[in-house]
Amino acid sequence: AVIAYPRISNLDEFQPLKNVPGLRLLWARSPADLAGLQASDWVILPGSKNTSSDLAWLRQQGLDSAIAHHARQGGAVLGICGGLQMLGEALIDTHGIDGNAPGLGLLPLVTQFAQDKTVLKTQARFGQVLGAWSALSGVEMSGYEIHHGQTQGHPAMLAGGAVLHEVMPGLTWQNGDGQVLGTYLHGLFECPTVLQALFGTQAPTLET
């Protein structure tokens with residue numbers, strides 16, 4: 001289930017999922033869309049053209065509670081770029097870039113927006129990944145970054161005992177039980193090595 005907020009971005013990267021045998025892709029706009037999910041299902045928070053505004057919309061719909069409930073039931077949650085930023089504790093905007101907001105609190109992270117925008121093609125390798133995403137351990141992928149600001153562990157929460165796994169330095173993090181994963185890398189599902197690891201298939205991408 002991909003959360004379809006009003007300012008969703010980079011939709012093309014989910015297109016290959018339509019070609020994975022046995023996988024059903026659902027665009028979720030309300031808690032009712034998530035009500036029938038099983039613990040084995042995934043909820044994905046995609047990129048956003050305005051993270052704070054889409055986070056506010058998500059709360060207005062009641063999707064914040066539905067996503068948290070899915071995670072508590074052992075369901076997997078993935079945040080990509082803006083979705084990663086939403087999963088943290090706080091969005092801090094001192095430059096008027098995107099807006100301040102409390103996060104969903106599913107990862108002990110804090111994002112500080114910056115005036116400069118990061119736009120990069122990135123080659124990276126997953127470290128050890130736990131739980132629902134463990135098949136990604138050691139997988140190398142090519143992706144891209146398009147985001148304002150930087151994300152890091154929340155110092156006070158980590159000092160208080162919160163568990164955070166940094167799977168790729170500065171790019172990808174995971175919570176203690178491994179169900180919640182957040183990454184700045186777009187293009188995850190357009191990468192053949194990732195598709196093979198997660199689904200055991202070479203699903204066609206937009207280029208193939």
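The values are calculated or read from the model by the stated rules, or taken from the named source; none is laboratory data. Values in this document were obtained by computation on a predicted structure and should not be read as measured data. FYI the Cβ positions are ideal-geometry reconstructions off the backbone, even for glycines, and counts take in every protein chain you see. Ligands, DNA and RNA are stripped out before the accessible areas are found, and what is left, the full protein with its side chains, is counted by its heavy atoms. Shrake-Rupley method; radii C 1.70, N 1.55, O 1.52, S 1.80 Å.
Using heavy atoms of the protein chains and a probe of 1.4 Å, the accessible area assigned to R29 is about 130 Å². Of all DSSP-defined beta bridges confined to the chain, some 65% are antiparallel rather than parallel.
Assuming charge only on the beta carbon of Lys and Arg (+1) and of Asp and Glu (-1), the dipole of segment 8-121 about its Cα centre is about 240 debye to the nearest 20.
Residues whose amide H falls under 5 Å from that of T118, counting only those 5 or more places apart or on a different chain, are H147, H148, G149, with hydrogens built in the peptide plane.
Using the Cβ-Cβ distance between D12 and Q60 with R0 set to 35 Å, the FRET efficiency works out to roughly 0.85. Distances between placed amide hydrogens fall under 5 Å for V77 paired with V43, V180, L181, all partners being 5 or more residues away or on another chain.
Calculated accessible area for segment 116-208 comes out at 47 Å² per residue, all protein chains present (probe 1.4 Å; ligands, DNA, RNA ignored).
When nucleic acids and ligands are ignored and a 1.4 Å probe is applied, L120 ends up with an accessible area of around 90 Å².
Provide, for q = 0.24, 0.27 Å⁻¹, the log10 of I(q)/I(0) from a solvent-free Debye sum over equal Cα point scatterers in segment 124-169. With no solvent term, the Cα-only Debye profile gives -0.99, -1.03.
Out of every Cα-Cα pair that the chain contains, those further apart than 30 angstrom amount to 14 percent.
Sequence-ordered 3J(HN,Hα) estimates for segment 140-145 from the Karplus curve with 6.51, -1.76 and 1.60 and θ = phi - 60° stand at 9, 9, 10, x, 8, 10 Hz, glycine and proline given as x. Protein heavy-atom surface of segment 1-96, 1.4 angstrom probe: 46% of the accessible area is carbon and sulfur, with nucleic acids and ligands not counted.
Sorted into 10 angstrom bins from 0, the C-alpha pair distances of segment 45-151 split as 14, 43, 33, 10 percent. Relative contact order of the chain, taken over Cα pairs closer than 8 Å and 6 or more residues apart, is 20 percent. In this structure, V119 and A35 have a Cβ-Cβ separation that, at R0 = 35 Å, corresponds to a calculated FRET efficiency of about 0.40.
Across segment 63-77, rounded Karplus estimates of 3J(HN,Hα) from the backbone phi angles (6.51 cos²θ - 1.76 cosθ + 1.60, θ = phi - 60°) give 6, 4, 5, 5, 5, 4, 4, 4, 5, 5, 7, x, x, 7, 10 Hz, Gly and Pro being marked x.
Here the Debye sum runs over all C-alpha atoms of segment 7-84 as equal scatterers in vacuum, and log10 of I(q)/I(0) at q = 0.14, 0.16, 0.18 Å⁻¹ comes out as -0.46, -0.60, -0.77. Between amide H atoms placed 1.01 Å from N, distances below 5 Å from L164 occur with no residue 5 or more places distant or on a separate chain. Of all lysines in the structure, those lying under 27 Å Cα to Cα from K18, and not within fewer than 8 positions of it along the same chain, are K49, K121.
Remark: segment 1-83 carries 43 Å² of accessible area per residue (probe radius 1.4 Å; ligands, DNA and RNA excluded). Applying the Karplus relation 6.51 cos²θ - 1.76 cosθ + 1.60 with θ = phi - 60° to segment 153-166 yields 3J(HN,Hα) values of x, 6, x, 5, 5, 5, 5, x, x, 5, 9, 9, 9, 8 Hz, where x marks Gly and Pro. Computed per residue of the chain from DSSP H runs no shorter than four, each worth -39500 (n - 2.57), the mean residue ellipticity at 222 nm is -5500 deg cm²/dmol.
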